[in-house]
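The values are calculated or read from the model by the stated rules, or taken from the named source; none is laboratory data. Predicted, not measured: the structure shown is a model, and the values here were computed from it. Note that we place each Cβ from the backbone using ideal geometry, even for glycine, and neighbour counts take in every protein chain shown.
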Amino acid sequence: MKLLAVSLLTLAAPLAALGQAEDAGWIRNTALSPDGKVVAFTYQGDIFTVPVSGGIATQITSNPAYDTAPVWSPDGQSIAFSSDREFGTFHVYLTSRQGGQARKLTYINGKTQTPVAFLDNETILYECGYRTTKESGIFPGGSFSQVYRIKTTGGRPHLFSAFTMKMPSINRTDGRILFTDFKGYEDPLRKHHKSPVARDIWMWTPDGSMGKYAKITAFEGEDRNAIWLPGEEAFLFLSERDGNFNVYRATLADPTHPTQLTNFKKHPVRNLSMDNSGNIAFSWNGRLYYMPKGGEAKQLPVQVIADNSKQEKLYVAYRSGASEAKLSPNDKEYAFIVHGDVYVANIEYGTTKRITNTPEQERDLTFSPDGRTLVYSSEREDQWNLYQTTIKRSDEKTFTYATELEEKKLTHEKGVPAFQPVFSPDGKKIAYLRDRAAVYCLDLASGKSTEVLNKKYNYSYSDGDQWFTWSPDSRYILTNFMGNGGWNNADVALVKADGTGELVNLTETGYNAIGARFVLDGKAIAYYCDYAGYRSHGSWGSQTDIYLMFLDQDAYDRFLLDKEEREVLLKDKDEKKESADKSDKDKKKKGKKDKKSKDEDKVKPLVFDFSNRDKRIVRITRTSGSQSDFAVTPEGDKFYYLASFDGTTNLYCLDLAEKETKEIVGDTGGGSLEMSKDGKTLYLFGYNGFKKIEGRDITPLTYSARFEYSPAKERAYIYDHMVRQVENKFYDANLHGVDWKGYSDSYREILPFINNNYDFAELCSELLGELNGSHTGMRYFGGASTVRTASLGLFYDDSYEGEGAKITEVIVGGPFDRAKSIAKPGVIVLKINGTTISKDLPIEHYLNGLTGQRTVVTLRDESGKEVEESVVPISLGKESSLLYDRWVDRRAALTEKWSNGRVGYVHIEGMDSESFRRVFSKMLGKYRGCDAIVVDTRHNGGGWLHNDVAILLSGKEYARFQPRGQYIGSEPFMQWYKPSNMLVSEDNYSDAYGTPWTYQTLKLGKLVGTPVAGTMTAVWWETQVNEDLVFGIPQVTMTGTDNLPRENRAIYPEITVYNSPEDFLTDNDLQLKAAIDDLIQRVDSAKK
């Protein structure tokens, strides 16, 4: 046996050599074991442990899913963690210290469940934003999570804390818990901000049914991740008090004067953890550190040997998902973009040829008039430029079957992006965007670019929002035109393409006129405008129509003729013209009679009549709505367009001669519309696929795009793209004084250690967080839940332990809110589709996948009688909406109670039109007779409504209508002219900052509640070449008359009131009460 042991040990060395150890460079979620021997951590989507001396890490999990957030049991024998290995939802799992088979403990699909602590060796605490108690006044919706407890053996979870407790640390002596609060939304990786929403440390003490809460730290910046020091009335925590996250020590006796223990610069300390002796471990810049109590922090060398690297290249055949397409002039093929690469497919057979193969993104397709050259934008070599691919062999006519293609870079100006090319009709020039808003023209023969429209005339909010097109004679360009201050009132301008700068604003409208194109041989333009459409009652948005503006009086006169007039008058006129043309031809010299003149081949230069053009505008669409695109036949007699009026997009045709509109095809879906040369076939390149339309017949267009996916290269490209986008578009050109290059270079070094998009999104969020800006961070949506938990619209008794679930409340509007249902408090939900709900499993286990499906639910009343009821369970999102209505109704009831009906209450859910309509309806309807109104903006995530709300609340009564002495109304009848107060909270964001700021600036009333962080910027959430990844660029901020940006400038209410945790849990809304009391006092004082 001893000899065998030696032989096995001898064999171990070469076996270990088979796996190459590599340094771990993006270590997160560190957790030091209670005995202080090893540190658990997350790396590349798996859980590892490593000795506190460093060395080769032991892999604990190896599932292909993403495993994260390890938490040790007090005895150090078990590790709980979160994983998305089932249906894409992060659930809580339990494994042993050595790893092995992990056991799933939670069941709610569609809601992230993350372990945060062990209450004891048999009980895990986990966090989930699911459903709070029916007694609390905590805002519903999932942002404010709850803490649940569940046994390590499984079973039903029970609510531990309805109040949000982030990163709880349990005192093993007396059960007190230190935790990080959550006041409202902000990206958790944002840094350097000092604002009302910044996190603080709190302590919960077990005392009665609710316990007692005490705020421990009050630094204006970030304090988080507090951990008890064993045997001491002191704790360690992370804080940005020195400008960067570091470890601090504080005592409960004097938490306002902590001692700084680490002094890391540039990057934040993350994931503080502690053993039973007070030693700590944490990560910094993706590396693992260990710090003995009273000693210095040192980096641990960590190496991993694991088969968890992803393939460098994957092959995917895309048959759907194309983002844009363009019909070739040869009518035989079309180009399209899928996952950022260019392809061309044959229309008849679907045969597909790949044109580009790069990790970078290509977009913006345009064909040359002969169909032999395809030009597009590509972001290679760190900037957007124009590229062309040409069919090289003269005997080959199409891209699909070409054997030789040649690519050429067309633009070369360093540091200035060039994209969105459009070929001129004569094929000699390409118009494009330079620096995102300037229109330039590239002469293909000389390679010279000329400025056509200076960038000062337009502003690009997001790539693709600019529009321009050529005139048929290749001498002019139609373009969107902002002019001076017309960001939200765009016009259509005509500008000469020769660079002289000659420009005419054609529309000059205070509405939005966009997307213009030449039609009718250049004698008119067609464009979209919201002049006649319904507008959103509040916020942005309006219905549009398609209009024709005639730039030729004769063409306009012809258009106005009815059918009879056309047949008589135009026939005579055209016959005379034909006779004159024939006479001219007969006069030509005999030797040149059969030779086609080059001059005859040329398109005649257009001559425009700009005078009275505003009198030559015709509305084409018969009903306002949302139009996707339009196309006109070569003869100019038929005008096809895609339009939606009721949520369904249909294809319509307007006969321009008979002025009759018909629906051609219904439910086509939106997209771009192109027409064949002969005008007989339409091609719809839509959001729901590509289609060929002939008459009323639709034929799907197929393709099979073979895509070579290189994840690591793509992530590197997206990272660099993000860095450039921030440099070019962040609202402050100085980037808040951040060393952007230094930070981006530093974080870029981490990329080789990342093999999944969860970690990649977190890395990018860390970089974006350095900007100290709102509305940013990267999000990864690739792990979305595929099977979701449904809801019956009920509250349940958390203490009930028998079979089934005991109802405590039927939510109004839910599946059981029906006249004949026996569901009520005390009734047991016993079975779902005939299966009895076990006392050892939560009801959610039986509701997975049942959203929208007819379901038989067996109820048992208090007498023991069982009744089957057929209901349709709702989604958790719908339940959240019902709980929001319930929350608002309860505030309205409290307002009526506390004011004796004298004060009304409205809540603005979002800064959007629908929310405004509800507020308007209740304010000027239900509460019209009240003396005052409370306008609640708390927990509002923003939108664009500040001016609408200000107008609504700024009314001043100036007239009354009293026929024969009867009062029937006042002016203004569309505004509130009585006193108001506005409620605010730390959870206000974006325009929910802008609206109370506007309200306060205009002195419309008093703000009541808490200070609000300055987050008034408009953001572009840009979808990446991998559409599961999105990141935010805050690029437009509001400034006041002081010319100072409102970003990072808090607003402070006139009446400051904080609701305590106890107030939230008992629905004792002191902020609402203060607003009501102030209004009543003001109204009563005004009457004296």
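All of 277, 328 fail the test of being crowded, with 21+ Cβ neighbours inside 10 Å and of a type in the set (S, T, N, Q), apart from 328. The residues of the range 509-540 that are closer than 15 Å to residue 481 by Cβ, under 26 Å from the mean Cα position of the chain (by Cα) and among the small types (Gly, Ala, Ser) amount to a single one, 515. Within the range 428-486, the set of residues being aliphatic (A, V, I, L, M) and under 33 Å from the mean Cα position of the chain (by Cα) comprises 431, 433, 437, 438, 439, 453, 478, 482.
Of the helices (runs of 4 or more DSSP H) entirely within the range 674-769, those holding at least 1 residues that are of a type in the set (Val, Ile, Thr) occupy 711-729. When 933, 908 are screened for being farther than 16 Å from residue 987 by Cβ and either in contact with a Ser or Thr (Cβ under 9 Å, 6 or more places away or on another chain) or polar (S, T, N, Q) (or both), only 933 passes. If you check 1041, 1037 for being out of contact with any helix residue (DSSP H, G or I) (no Cβ under 8 Å at 6 or more places or on another chain), β-branched (Val, Ile, Thr), at pLDDT below 95 and buried (at least 17 other Cβ atoms within 10 Å of the Cβ), only one passes: 1037. Against the conditions (1) crowded, with 17+ Cβ neighbours inside 10 Å; (2) at pLDDT 95 or above; (3) more than 30 Å from residue 429 (Cβ to Cβ), residue 343 satisfies every one except (3). Take the conditions (1) surrounded by fewer than 20 Cβ atoms within 10 Å (Cβ to Cβ); (2) assigned to a loop (DSSP other than H, G, I, E, B); residue 360 misses just one of them, which is (1). Would a scan of the range 71-81 turn up a residue that is in contact with a helix residue (DSSP H, G or I) (Cβ under 7 Å, 6 or more places away or on another chain), crowded, with 16+ Cβ neighbours inside 10 Å and touching a residue at least 24 places away in the same chain (Cβ under 8 Å)? No - not one qualifying residue is present in the range 71-81.
Taking the range 973-1088 as the region of interest, the helices (runs of 4 or more DSSP H) fully inside it that hold 2 or more residues being under 30 Å from residue 727 (Cβ atoms) are 991-1001.
One line per residue, one yes/no per condition, for (1) in the same structural domain as residue 192 (by TED's automatic domain parsing); (2) assigned to a strand (DSSP E or B); (3) among the polar types (S, T, N, Q); (4) closer than 30 Å to residue 44 by Cβ:
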residue: 241; (1), (2), (3), (4): yes, no, no, no
residue: 249; (1), (2), (3), (4): yes, yes, no, no
residue: 256; (1), (2), (3), (4): yes, no, yes, no
residue: 282; (1), (2), (3), (4): no, yes, no, yes
residue: 329; (1), (2), (3), (4): no, no, no, no
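Residues in the range 471-490 that are part of a strand (DSSP E or B) and in contact (Cβ under 8 Å) with a residue 40 or more places away in the chain were compared, and the one that is surrounded by the fewest Cβ atoms within 10 Å (Cβ to Cβ) is 478. Checking each residue in the range 99-121 for being assigned to a loop (DSSP other than H, G, I, E, B) and in contact with a strand residue (DSSP E or B) (Cβ under 6 Å, 6 or more places away or on another chain) picks out 105, 106, 108, 109, 110, 111, 112, 113. Please work out if residue 720 is loosely packed, with under 15 Cβ neighbours inside 10 Å and either more than 19 Å from residue 417 (Cβ to Cβ) or modelled with pLDDT of 95 or more (or both). So residue 720 fails the test. Restricted to the range 82-98, and to residues there that are part of a strand (DSSP E or B) and in contact (Cβ under 8 Å) with a residue 24 or more places away in the chain, the residue that is farthest from residue 876 (Cα to Cα) is 95. Against the test of being touching a Phe, Trp or Tyr at 6+ places or on another chain (Cβ under 9 Å) and either modelled with pLDDT of 95 or more or not β-branched (Val, Ile, Thr) (or both), the options 45, 55, 76, 36 yield a single qualifying residue, 45.
Residues satisfying the criterion are absent from the range 214-227 (criterion: charged (D, E, K, R), more than 29 Å from residue 1047 (Cα to Cα) and modelled with pLDDT of 95 or more). Of note, residue 1023 satisfies the criterion of being modelled with pLDDT of 95 or more, under 31 Å from the mean Cα position of the chain (by Cα), outside the structural domain of residue 195 (by TED's automatic domain parsing) and farther than 27 Å from residue 896 by Cβ.
Taking the residues in the range 747-756 that are in contact with a Lys or Arg (Cβ under 9 Å, 6 or more places away or on another chain) and under 12 Å from residue 44 (Cβ atoms) as candidates, determine which candidate is surrounded by the most Cβ atoms within 10 Å (Cβ to Cβ). The selected residue is 754. For the range 827-876, taking the residues that are among the acidic types (Asp, Glu) and either touching a Pro at 6+ places or on another chain (Cβ under 8 Å) or in contact (Cβ under 8 Å) with a residue 40 or more places away in the chain (or both), the one that is surrounded by the fewest Cβ atoms within 10 Å (Cβ to Cβ) is identified as 840. Looking across 969, 942, 965, 955, one residue alone is assigned by TED's automatic domain parsing to the domain that holds residue 1076, touching a residue at least 24 places away in the same chain (Cβ under 8 Å) and small (Gly, Ala, Ser). It is 942.
Within the range 889-903, residues that are part of a helix (DSSP H, G or I) have Cβ atoms under 6 Å from residues that are at pLDDT 95 or above and among the hydroxyl-bearing types (Ser, Thr, Tyr) in these pairs: 891/905; 892/905; 895/905, counting only partners at least 6 apart in sequence or on another chain. Residue count for the range 916-947 satisfying the condition of being of a type outside the set (A, V, I, L, M), buried (at least 22 other Cβ atoms within 10 Å of the Cβ) and assigned to a helix (DSSP H, G or I): 2. Residue pairs whose Cβ atoms lie under 6 Å apart, sitting 6 or more positions apart in sequence or on different chains, and linking a residue in the range 687-713 that is surrounded by fewer than 16 Cβ atoms within 10 Å (Cβ to Cβ) to a partner that is of a type in the set (S, T, N, Q) and part of a strand (DSSP E or B), are 704/352.
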